[in-house]
Amino acid sequence: MLIIDVKDADSLDKALKKYKRKVERTGVIKELRRRQHFIKPSVRRRNEMLSAAYKNEKFGTH
């Protein structure tokens, strides 16, 4: 649970901005999107290998 300290002088906009920044830093939304669909470990590994091969071919030293 995220706790945002809001002072009386702070506006609602500032409090929302603090909340959004804290949520982004903790990675809650990213984790939620990642968990929406189950990906088998073998498929995940295969995607990582393909991505690494592509990056090596595209940006690696020749």
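What follows is calculated from the coordinates using simple rules that are stated; it is not laboratory data. As the structure is a computational prediction, the values presented were derived from the model and not from experiment. Reconstructed Cβ throughout: ideal geometry from the backbone, glycine too, with neighbour counts over all protein chains shown.
The figures follow:
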quantity	calculated
Tally of Lys pairs whose C-alpha atoms are under 15 Å apart, taken over the chain, 8 or more apart or cross-chain	5
Expected 222 nm ellipticity per residue - DSSP helices of 4 or more, -39500 (n - 2.57), all of the chain, to 500	-21000 deg cm²/dmol
Sorted by Cβ density within 10 Å, fewest first, the residues Asp10, Asp5	Asp5, Asp10
